[in-house]
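Note sheet for the following structure.
The values are calculated or read from the model by the stated rules, or taken from the named source; none is laboratory data. Not measured: the values here are computed from a predicted model. Positions of Cβ are generated from backbone atoms using ideal geometry, with glycine treated the same way; all protein chains shown enter the neighbour counts. Each accessible area value is taken on the protein alone, full model and side chains, heavy atoms only, with ligands, DNA and RNA left out. Shrake-Rupley method; radii C 1.70, N 1.55, O 1.52, S 1.80 Å.
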Amino acid sequence: MAFNPQQIIVDLNKLVAGRPVCIAYSGGVDSHVLLHLLANTQHPQLTSIRAIYVDHGLHSDSDKWRDHCAFVSKSLDITFESLTVSVENIDELGMEAAARQARYQAFSSALFENEVLVTAQHQQDQAETLMLQLLRGSGPSGLSAMDRESRMKGMTILRPLLGLSKADILDYAQLHQLSWIEDPSNADLTLNRNYLRHQVFPNLESRWPAVAKTMSRTADHCREATVLLQELAHLDAQRVCIHPPNILSVSALTELSEPRQRNLLRFSIEQCDLNLPSTVILQRVIDEVCSAAEDKSPHVHWPGAEIRRYRDQLIIQAEKTTNTELTMQHIEGASELELTDGRWLKWQVVSGQGLKSHVAKGPLQLKFRQGGEKIRLQGHSQHKALKQLFQEWGVPPWQRQFIPLLFVEQELVAVVGYGYAEHYAADIGEKGWLPYLEPVE
């Protein structure tokens with residue numbers, strides 16, 4: 001792709017579609033070229049443009065770099081903002097990934113409603129990303145590297161320079177006599193991307209001069225393959241998913257070939273907005289969870305997520321990491337109550353459903369399962385053990401301890417979200433109070 005500034009602006013405008021634009025401006029040559037390009041455009045629909053610099057606090061000169069970015073933005077008549085972030089989890093993620101995570105989290109918090117983030121990654125960045133993913137053993141999705149338009153943390157990210165070579169960008173910068181920052185960390189060979197950039201790619205380019213362009217084309221092919229795999233997963237989900245996207249039928253899933261099982265599991269996990277597991281962990285789901293006897297409740301977990309089985313259901317969910325103790329609480333006057341884990345108990349007034357008014361208005365005690373509880377549900381002639389009812393209702397064992405129970409003195413009168421006792425239930429035509437849970441946001 002030849003560097004045609006006007007065509008880049010035209011293509012970008014189609015992606016922007018009238019939305020305001022925020023440029024990720026680091027002060028380096030790539031983002032400076034992008035900033036200059038957009039600042040000098042005359043396109044009537046690209047009028048709301050601003051720049052954000054993220055200070056990671058990792059270098060003593062970061063204040064000077066911020067001031068440089070502010071000066072350049074002002075000279076180009078571009079609104080400028082600086083954000084300071086704290087880079088965490090370096091030991092766990094590595095410096096590059098930890099800084100990137102902090103940076104994009106800052107952008108996500110700072111963007112206005114409907115604003116798009118425009119970044120300056122180019123063809124060389126694309127080739128490096130593909131190589132890094134290849135060395136991690138990634139599949140087609142990872143090898144797709146970066147797209148010209150993508151979504152992350154609720155943001156729309158556009159990369160208009162992705163088809164340009166580094167040489168094109170440097171030529172533009174020199175032609176317009178731009179002044180940019182050279183971050184000394186870019187020469188740190190302990191960072192994987194820098195090692196590829198300075199040690200690996202020069203040797204590849206000496207043998208195959210068009211290697212970056214060729215590898216970018218490979219990323220495009222992998223992205224196309226990923227789209228096809230997603231379309232296949234959509235079709236399989238129609239057969240397998242009981243409650244899309246997080247509850248799958250084990251029996252229907254295991255009718256698929258293992259590659260299609262893995263493809264659907266990855267697709268469903270992504271649809272739940274959870275981190276993808278490693279190939280080894282994903283295979284454990286198939287070997288240990290799907291293959292377990294139906295009366296077992298196996299589960300596999302990885303950072304931030306887990307997969308459990310109950311009967312024929314495979315349940316994908318965020319890993320419950322809170323150690324908050326669920327304690328007894330008193331309720332008066334059918335009032336809203338915040339539980340110790342952040343959920344809210346609330347009430348809905350419904351004719352002929354829920355608890356009688358004088359019961360709901362208390363006093364009530366909110367407790368959690370201890371074992372041995374019984375209740376005679378509305379419309380039933382006999383008491384039943386709560387354990388039996390949970391089995392009839394299909395409530396997985398690991399969820400039962402989190403379901404609130406309402407008591408009048410020592411008598412169980414309501415299982416929130418499931419049922420209430422005959423003697424305490426509102427009659428037909430009578431105003432009743434129905435308790436329900438509002439989840440943590």
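Mean residue ellipticity at 222 nm from the helices of the chain, using -39,500 (n - 2.57) per DSSP H segment of n ≥ 4 over the full residue count, to the nearest 500 deg cm²/dmol?
-11000 deg cm²/dmol
Using a 1.4 Å probe on the protein chains only, how many percent of the accessible area of segment 349-425 belongs to carbon and sulfur?
Carbon and sulfur: 44 percent of the exposed surface of segment 349-425.
May I ask for log10 I(q)/I(0) of segment 1-75 at q = 0.15, 0.17, 0.20, 0.26 Å⁻¹, from a Debye sum over the Cα atoms as equal point scatterers with solvent left out?
Summing over Cα pairs of segment 1-75 leads to -0.56, -0.69, -0.88, -1.24.
For Lys361, which sequence-distant residues (separation of 5 or more, or a different chain) have an amide H within less than 5 Å of its own amide H, given hydrogens modelled in the peptide plane?
Long-range HN contacts for Lys361: Ala334.
Which one of Ala102, Leu386, Cys22 has its Cα pushed farthest toward the positive end of the charge dipole of the chain, where Lys and Arg give +1 and Asp and Glu give -1 at the Cβ?
Leu386
How large is the translational diffusion coefficient of segment 371-441 in µm² per second when you combine the Kirkwood radius over alpha carbon pairs with Stokes-Einstein at 4 °C and 1.567 mPa s?
In µm²/s, the coefficient rounds to 99.
What net charge is computed for the residues neighbouring Thr41, neighbours being all others with C-beta under 13 Å from the C-beta of Thr41, Lys and Arg scored +1, Asp and Glu -1?
Net charge around Thr41: -2.
What FRET efficiency do you get for Glu149 and Leu93 if R0 is 25 Å and r is their Cβ-Cβ distance, rounded to the nearest 0.05? Don't jump to the answer; show the numbers that get you there.
On the way: r = 25 Å, r/R0 = 1.02.
So the FRET efficiency works out to roughly 0.50.
Taking just the alpha carbons, could you work out the radius of gyration and Dmax for segment 294-392, both in angstroms?
For segment 294-392, the Cα-based Rg and Dmax read 17.4, 47 Å.
Computed FRET efficiency, Cβ-Cβ of Val10 and Ala225, R0 30 Å: what is it to the nearest 0.05?
With a Förster radius of 30 Å, E is 0.55.
With the convex hull built on the Cα atoms of segment 35-160, state its orientation-averaged projected area in nm².
Average projection, Cα convex hull of segment 35-160: 9.0 nm².
Which residue, Glu270, Glu205, Glu294, tops the fluctuation ranking in a GNM of the chain built on C-alpha contacts under 10 Å?
Between Glu270, Glu205, Glu294, it is Glu205 that shows the largest mean-square fluctuation.
Pairs Lys296/Lys374; Lys166/Lys213; Lys296/Lys367; Lys374/Lys431; Lys346/Lys367; Lys153/Lys346: which exceed 22 Å Cα-Cα?
Going by Cα-Cα distance, Lys296/Lys374; Lys296/Lys367; Lys374/Lys431; Lys153/Lys346 fall outside the 22 Å limit.
Between the helical axis of 29-39 and the dominant principal axis of the chain, each derived from Cα atoms, what acute angle in degrees is found, rounded to the nearest 10?
90
Roughly to the nearest percent, how much of the accessible area of segment 106-246 is carbon and sulfur, given a 1.4 Å probe?
Within segment 106-246, the accessible surface is 53 percent carbon and sulfur.
Could you work out the per residue convex hull volume over the alpha carbons of segment 247-334, in cubic angstrom?
Details: hull volume 12.3 nm³, N = 88.
It is 139 Å³ per residue.
Kindly state, to the nearest 0.05, the FRET efficiency for Gln45 paired with Leu191, given R0 = 30 Å and r defined as their beta-carbon distance.
Details: r = 39 Å, r/R0 = 1.28.
Rounded to the nearest 0.05, the efficiency is 0.20.
To one decimal place, what orientation-averaged projected area in nm² is obtained for the convex hull of the Cα set of segment 34-90?
Taking the Cα atoms of segment 34-90, their convex hull projects to 4.8 nm² on average.
For helix 5-16, report the angle its Cα long axis makes with the longest principal axis of the Cα atoms of the chain; keep it between 0 and 90° and round to the nearest 10°.
For 5-16 against the chain, the angle is about 10 degrees.
Hey, rough spin-label estimate for Glu338 and Tyr418, points 7 angstrom out along Cα→Cβ, what's it come to in nanometres?
2.7
Please arrange Leu256, Leu326 by accessible surface area, largest first, computed with a 1.4 Å probe and ligands excluded.
The ranking, largest first, comes out as Leu326, Leu256.
State the extension gain, in nm to one decimal, for the chain segment bounded by Ala237 and Asp273, taking 0.36 nm per residue of separation less the distance between their alpha-carbons.
11.3 nm
Quick one: P(r) of the chain from all Cα-Cα pairs, 20 Å bins, percents rounded to integers, in order of increasing distance.
20, 41, 29, 11, 0
Measuring with a 1.4 Å probe in the full set of protein chains, what accessible area per residue, in whole Å², belongs to the chain? Don't skip to the answer; put the middle values down first.
On the way: 23380 Å² over 441 residues.
Value for the chain: 53 Å² per residue.
Spin-label point model (7 Å from Cα, Cβ direction): what's the Glu182 to Glu411 distance in nm?
Simple spin-label model gives 8.4 nm for this pair.
Using Cα pairs under 8 angstrom and six or more residues apart, how large is the relative contact order of segment 75-185, in percent?
So the answer I get is 24 percent.
Considering every Cα-Cα pair within segment 90-246, what fraction, in whole percent, is farther apart than 20 Å?
62
Report the local net charge at Ser357: Lys and Arg +1, Asp and Glu -1, summed over other residues whose C-beta lies under 10 Å from its C-beta.
+2
Over the residues of segment 202-244, compute the C-alpha Rg and express it relative to 2.2 N^0.38 Å.
Scaled against compact globular proteins, the figure is 1.94.
What is the Rg over Rh value, at two decimals, for segment 113-153, using alpha-carbon atoms and the Kirkwood definition of Rh? Walk me through the numbers on the way to the answer.
Working: Rg = 11.9 Å, Rh = 11.4 Å.
Checking Rg against Rh, the ratio lands at 1.04.
Within the P(r) computed for segment 97-186, what percentage of the Cα pairs occupies the region above 23 Å? Show your work: numbers first, answer last.
Details: 1395 of 4005 pairs.
Counting pairs separated by more than 23 Å, the tail of P(r) holds 35 percent.
Which three numbers, in whole Å and largest first, are the semi-axes of the equivalent ellipsoid of segment 186-273 derived from its Cα gyration tensor as √(5λ)?
Computed over segment 186-273, the values are 40, 15, 10 Å.
Tilt of helix 166-175 relative to the longest C-alpha principal axis of the chain, in degrees (0 to 90, nearest 10)?
Taking Cα atoms only, the helix is inclined about 60 degrees.
Find the eigenvalues of the gyration tensor of the Cα atoms of segment 136-202, then list the square roots of 5 times those eigenvalues as equivalent ellipsoid semi-axes, largest first, in whole angstrom.
24, 20, 13
Can you tell me the relative contact order of the chain? Whole percent, Cα pairs under 8 Å, sequence separation 6 or more.
Once normalised by length, the contact order is 10 percent.
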